[in-house]
1. If you average the sequence gap of Cα pairs under 8 Å that are 6 or more apart and divide by the length of region 115-161, what percent do you get for the contact order?
2. Would you work out what percent of the accessible area of region 194-317, with all protein chains in place, is carbon or sulfur (probe 1.4 Å)?
3. Compute the relative contact order of region 568-703 as a whole-number percentage, counting only Cα pairs closer than 8 Å that sit 6 or more residues apart in sequence.
4. At q = 0.11 Å⁻¹, work out log10 I(q)/I(0) for region 758-828 with the Debye formula, treating every Cα as an identical point scatterer and leaving solvent out; two decimals please.
5. Roughly how far apart, in whole Å, are the Cα centres of region 683-753 and region 210-245?
6. Assuming 0.36 nm per residue, please report the length gained on full extension of the stretch S115 to Q318 beyond their Cα-Cα distance.
7. Tell me, what ³J(HN,Hα) does each residue in region 538-552 have, in order and in whole Hz, if you take phi through Karplus 6.51 cos²θ - 1.76 cosθ + 1.60 with θ = phi - 60° and put x for Gly and Pro?
8. Multiplying the sequence separation of E525 and L801 by 0.36 nm and subtracting their Cα-Cα distance, what value in nm do you get?
Amino acid sequence: VTCRTTGAIVAILVLLIQSTAQAGVQDAASPELHPEVASFEGAIQDARSNMMANPPAALASAEHAETYIDDNVPPMERGVAYATAWWLQAEALTRLARPGEAQPLASQALEQLGSTPQRNKLYADLLLCLGRTNKMLGEHGRALDHFQRAYEVFQELGETRSQSIILQSIGSIYNDARQYERAVEYYADAIERYQDPSLDLSAFNNLANVYRELGRRDEALDYFNRALAISQDIDSAMLEARILSNIAEMHIAFQEYDAAEASIILAFDRAGDPSGAEWARFMWGVRAQASAGQGHFYDAQRYIERTFDGVDIETTSQHFTKFHGAAADIYQALENWRAALPHLRAFKRLEDESREFGASANTALVGAQFDFAEQELEIEQLRITSLEQDLELSAAQAQQRLYIFTGLLVISIMFGIGVYLRNRVARERAKDLERALYFDAETGLPSRQSLLRQIDSAPRQLTDDVFVIALQLERHSHLESVLGFAKYSELLVQVAGRLQAIVGIDSVTRISSGILGVKLDCDEERQASRLAEQMRDCLFDPIHIDDLDIDISVITGIACHESGEIGLKNALIALQQAQVEHQSNMIFSAEKYGDPSENLAMMGRMLNATQNGEMVLHYQPKLNLRTGQIQAAEALCRWIDPERGFISPDSFIPHAEETGHIRAFTEWTIDQTARDQVMMHAAGYRITLAVNISGALLVDDEFARIAMRLANQAPGSISFEITETAVMHNPERAMANLEMWSKSGIKLAIDDYGSGLSSLAYLKTLPCQELKLDRAFITDVATSKRDRMLVKSTVDLAHNLGLEMTAEGVESEEGLTLLKLLGCDWVQGYVLSKALPLAELIKFLGDRRDEDPGADNIDLSNRL
Ligand code: C2E
Ligand code: CA
Ligand code: CA
């Protein structure tokens, strides 16, 4: 019984440390060492039994255990022995709120288990331990990943107790993310999964804290009381004191100061004399808050001084946030401004950190939401079910679109099956995710990511270089628009098929719309060139699609590098060089690239083009889903070179960015847009015109001023689109300019959101109004449930942060309807129109106006 109770207390402590606002609890008890236990086994045993009640002692024992390994343990078992010793050290350090030291130990232990560890308890415990350290360090994405992997192993092992602990831990990530409803679901699920006093106690305590945050006092109190009852059952005065203190905090949150005081006094009563114990600081802090609430500021001052006694105010952790707030209030009430100020500062610092922390948790959750094992799936299914009902409604208004029903039928059948095969679905979902990442949705060909993976994970010597060939279909955008997407995709598939038939090429990947890539198994440049030649030759005969014979011509670029990323980039540069020099093939050469006379020539032509009319801006309309009106358009440049034909912005903009020509070019675009805005006004249309601003320019202060002046000279609104990655490179300087623009009335949008890795945590600090979700997320929204969920949660998140959400690259009516249901504010894409020359844009707006004279609120679902 004692053992169980001790175990229970330890587990509770761990969970409390993890998930309540009062983390950082440490007992001042001195380590109980057992120097007489001079064996590995004994020391490990000691570490385990001390873990709960006395982590410092557990740490010392685990360290001792490590020193015995070489003498005590047979060589074959040493790997596992080291892993065990380090794991226990990491566990103890985590319990002592020292995650920074615990993490490397746990990683090291995991490495000891080898590259394909046995899926046993030690392995899962290590993953769990790592997840905890991740969470404590604010690395929420990694925490979720580790939790999930641990969960799967525990599930295989039938360890429901550990699963329950993980559910609680995930709940507490939702708690950090301030997604309290979801946190409640997880805690409740944890309680259901495994009943055990210690786990229930912490789950009840967590639930109560969440309800307090949700402003639901009675439920909070109820759960605290249940937790309290358990602490009394297991006879732990310490835990009782902690929970009483939490109850007091709850009362404070609801301004019930007398009740708060009664609770905290009771807590001190139960805790005995807690002076010296670290957690006593928090109890004094609570007491100070209660007194301040009652207006007893001198008492409050006495108490709060005990909270901060010997603490460096400038480096306090999250757990002190409230107490800084209280201290500032108390000192201000006593008109002691000088004492109040540092607390105010600390309060602000911690609040900022906490918002960051919460946003990081949020981002991690959005990314991971779809991977979780069954319990997560259940919750997602609920959401999806209601989504599908919405969809059904709108489909009912569009009976002729029968295939939506068919789709729904399939989905509902899948649901039926899903209920029974939840686990399998979860695994398949992981596969879906993988498919989405590694395969191109349109053609089914492996994606760029897949090529990079092939190269970077190929077993070889580190020094081995790998050849990459990039193959570009000339006039591909032309082909794409003439053939339509389906046929163009088929064309690509056929091209890939022919290439694949060449000996030495086993997988053809799609790099972008008109570019395919292959990795070569050869180690000589000559051989690579020969293969590239074969690749071009095999496409000499026309491609046959539906009675059409399509002639294509291609050029190739070759590069060689140990890293997939760089190899591919260089192959693309070689392609560009081939294009510029009218060659069918080029091998990347660093010298050539370093002596960019050709590139410069192209840049020169580009700037000329802006002057002589070969470069023009086209405008792609954006539909505001709330008003049903086209209220904006994005300027996209179109360059028709008399000799070379259409040159895609994707091929010259990156160059312009690298060579610095982007600045003059962008100044031209803004100026041109402003002029076009004059024409728009003359024609009677007042819509916002958006200009793409390259990231490199955000830190150019002079550009920023010129851009602002140019934009503000326009008669109507000009907005800027900035890619998310751009801002991340030099946040401080970018921020100053963004703020200047924003203050001057220029609206800002984050472009291509989701294609990079930036966290919303950071983005939300930018003065932006709009988030443009990358096309990759939109393409399959009508067919992929996963993408729908992803869009939905991103929309929710954007709205929470006060941002409007734009879906770009919308190509179908179903997609449009769905995106509306999912809460998007704007759509843009071929479903409305491609980018149009100014005159055509004006005509387009006119046609729409004729169709819906004065339509302020076109109901989009009726358009189906
Ligand atoms: P972006 O800003 O993400 O622009 C959207 C791109 O998606 C455009 O390609 C547009 O034509 C294409 N698009 C629009 N709707 C659809 C659709 O429904 N389906 C598909 N598959 N594609 C759609 P574009 O014009 O080739 O531009 C490519 C990129 O080049 C732009 O991406 C932008 O980053 C850059 N760019 C274009 N014009 C400018 C410019 O004037 N200045 C700067 N700095 N960059 C520009
Ligand atoms: Ca854009
Ligand atoms: Ca974009």
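The values are calculated or read from the model by the stated rules, or taken from the named source; none is laboratory data. Model, not experiment: these values are computed from the prediction. All Cβ positions, even for glycine, are placed from backbone atoms using ideal geometry, and neighbour counts span all protein chains on display. Ligands, DNA and RNA are stripped out before the accessible areas are found, and what is left, the full protein with its side chains, is counted by its heavy atoms. Shrake-Rupley method; radii C 1.70, N 1.55, O 1.52, S 1.80 Å.
1. Details: 37 pairs, mean separation 19.4, N = 47.
Relative contact order for region 115-161 comes out at 41 percent.
2. On the way: 2210 of 5140 Å².
So the carbon and sulfur contribution to the accessible surface is 43 percent.
3. Details: 135 pairs, mean separation 26.6, N = 136.
So the answer I get is 20 percent.
4. Log-scaled intensity ratios, in q order: -0.23.
5. Each part's Cα centre sits 51 Å from the other's.
6. Working: separation 203, 0.36 × 203 = 73.08 nm, distance 3.67 nm.
So the chain would gain 69.4 nm between S115 and Q318.
7. In residue order, the calculated couplings are 5, 9, 5, 5, x, 9, 9, 9, 6, 6, 9, 9, 10, 8, 10 Hz.
8. Working: separation 276, 0.36 × 276 = 99.36 nm, distance 5.20 nm.
So the extension gain works out to 94.2 nm.
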